[in-house]
Amino acid sequence: MNQCPACNSTSFPLEQYPDLGIQICKACQYPLLATQNNSMFTVFGIKRNFLINESDLQDRYYFLSRRLHPDRYVSLSSEHKASSQKLSALLNQSYLKLLDKESRLETLLTESGMEIKNSNSEIPTELAERFFDIQEELIENRNDLSESKVKKFSSELHTKEKEMREEIFELANMNWEKPEPSVVEKIIKLRRGR
């Protein structure tokens, strides 16, 4: 249990979701982070997994949003209001990141100690070769290159990206409390190749 910084009383878990990372002091209604870990998973009291129950996440989000709403703190101290605003921002940011699979995966990788490099993406060799072939045809035969070849290449590119994303998400469905290094490395390699 935590001690409330505003009134020094003991803060108790919220009845409906006792595992939430954000708690409200029952004595003075001061909102506080229940742990030093402000991971988006901890905020919502859910396990660090790639696959999450989005309906449960939404329920927890709405529950906390109502508890942290500024209207609840109008008559309370400026410390109460500031804490509410700070935690509301953390709540909203965490919710949006958890809803987005790419952001969720990036967070899992980062929290597992992996360095994420968004630049220097590696283009798969076969796609690079196809691109250069089309580019060369464009230069040599400006009028003869059909629009269908460009559309076909674009379609191939989108299909390849979709396949890679699906493979990444399938690999990401593992135990993130003890992530397997070889799987994490494969995920990172695939992400760079998109």
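The values are calculated or read from the model by the stated rules, or taken from the named source; none is laboratory data. Quick caveat: nothing in here was measured; it's all calculated off a predicted structure. Note that each Cβ is placed from the backbone with ideal geometry, even for glycine, and that neighbours are counted across all protein chains shown. Each accessible area value is taken on the protein alone, full model and side chains, heavy atoms only, with ligands, DNA and RNA left out. Shrake-Rupley method; radii C 1.70, N 1.55, O 1.52, S 1.80 Å.
What the table below lists for this structure:
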| item | result |
| --- | --- |
| Restraint check, Lys101/Lys162; Lys97/Lys162; Lys47/Lys81; Lys160/Lys186, Cα-Cα greater than 23 Å | Lys47/Lys81 |
| Extended-chain gain in nm, criterion 0.36 nm per residue less alpha-carbon gap, Gln3 and Ser155 | 49.0 nm |
| Environment charge of Leu108, counting only residues whose C-beta is closer than 13 Å and scoring Lys/Arg +1, Asp/Glu -1 | +1 |
| Expected 222 nm ellipticity per residue - DSSP helices of 4 or more, -39500 (n - 2.57), all of the chain, to 500 | -18000 deg cm²/dmol |
| Whole-percent carbon and sulfur share, accessible surface of the chain, 1.4 Å | 48 |
| Centroid-to-centroid separation of the range 1-45 and the range 146-162 [C-alpha atoms, Å] | 51 |
| On Cα atoms only, tilt of 101-111 relative to the major axis of the chain in degrees | 70 |
| Average accessible area per residue (Å²) across the chain - probe 1.4 Å, nucleic acids and ligands excluded | 63 |
| Total formal charge among the other residues, if their Cβ is under 13 angstrom from that of Tyr95, Lys/Arg +1 and Asp/Glu -1 | -1 |
| Angle between the chain longest axis and helix 181-192 axis [Cα atoms, degrees, rounded to 10] | 60 |
